[in-house]
Structures are given as structure tokens and as C-alpha cells.
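The values are calculated or read from the model by the stated rules, or taken from the named source; none is laboratory data. Quantities reported herein were computed from a predicted structural model and do not represent experimental measurements. A quick note on method: Cβ atoms are made from the backbone with ideal geometry, for glycine too, and the neighbour counts reach across all protein chains shown.
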Amino acid sequence: MKPSPKGGDDCGGQKLVTIPVQITFRHMDSSPAVETRVRELANHLGVFSDRILGCRVVLDSPHRHQHQGKVFNVKVQLTLPGEDVVVDMERPDRDGHEDVYVVLRDAFDAARRQLQTRMATLRNEPNRHEKLS
């Protein structure tokens with residue numbers, strides 16, 4: 001494996017990039033397993049852009065009297081040259097599953113879509129979500 005300039009490796013033609021990640025837990029205990037998953041998801045975004053300078057993730061489980069069950073908020077901020085990509089995801093626990101991993105997946109999926117749109121715009125490509133005429 002060849003080292004890449006951003007500290008990742010070249011693995012079979014696909015660049016593995018290590019993105020600096022800052023993780024903050026609010027109103028919940030920190031978890032090494034959740035931290036590991038956040039870093040995996042953040043580093044996967046490097047496949048879509050080598051312009052990501054950093055990633056900040058805030059996981060919050062505020063106590064809310066009007067909701068039954070847990071509510072997880074996940075905010076993902078990707079630092080890029082120019083304008084950042086920001087996703088603020090709040091998911092009430094509707095199905096009885098208290099799974100922060102589902103909210104993380106959804107937040108990073110939304111961040112990936114925004115990142116792909118941003119990169120397409122920078123390359124002057126049409127948005128894939130627009131209908132072709």
C-alpha cells in the first residue's frame with residue numbers, strides 16, 4: 001500500500017483517507033464504539049472528495065418531557081474550502097429502538113448527498129437529482 005498525502009492508503013485503486021474528526025457527546029455518555037463508527041463514516045466520505053479538511057460531529061440525547069423514549073440529535077459539519085456541508089438530524093425513537101447508529105447512518109448519508117452535489121457543482125456537472133430532458 002502506498003501512503004497518500006492526507007495520511008491514508010491507496011488500497012486497490014480506492015483512496016482511503018483519514019479525515020480529522022472532532023466528536024462531542026452531549027447529555028449522553030461517550031462511547032468508544034460510537035466514536036469508532038463516527039470515524040469510519042467520516043473517513044468513508046473521503047472517497048467522494050479529497051477536499052474535506054475536517055469533520056465535527058455532535059451527538060446529543062436531550063431529555064424532553066413531551067417525548068416518550070429517546071430522541072437523538074446528530075449534527076455533522078464537514079469543513080471544506082468555501083462553504084461547509086452541515087447536516088442537523090433529529091430522529092425521535094418511533095419504533096421503540098434506541099439506536100443512535102441509525103441516526104448516525106442517516107446523518108452521514110445526508111452529508112454524503114450534499115457533498116456529492118457540492119463536488120458536482122464545482123466540476124460544473126448537472127445535478128443527478130434533476131430530471132434529464
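Remarks
- For Glu83, the test of being under 12 Å from the mean Cα position of the chain (by Cα), modelled with pLDDT of 60 or more and not small (Gly, Ala, Ser) is failed.
- Residues in region 36-68 that are of a type outside the set (A, V, I, L, M, F, W, C), surrounded by fewer than 13 Cβ atoms within 10 Å (Cβ to Cβ) and more than 14 Å from Arg112 (Cβ to Cβ) were compared, and the one that is modelled with the highest pLDDT is Thr36.
- Qualifying residue in region 11-18 (condition: modelled with pLDDT under 50 and over 22 Å from Asp109 (Cα atoms)): yes
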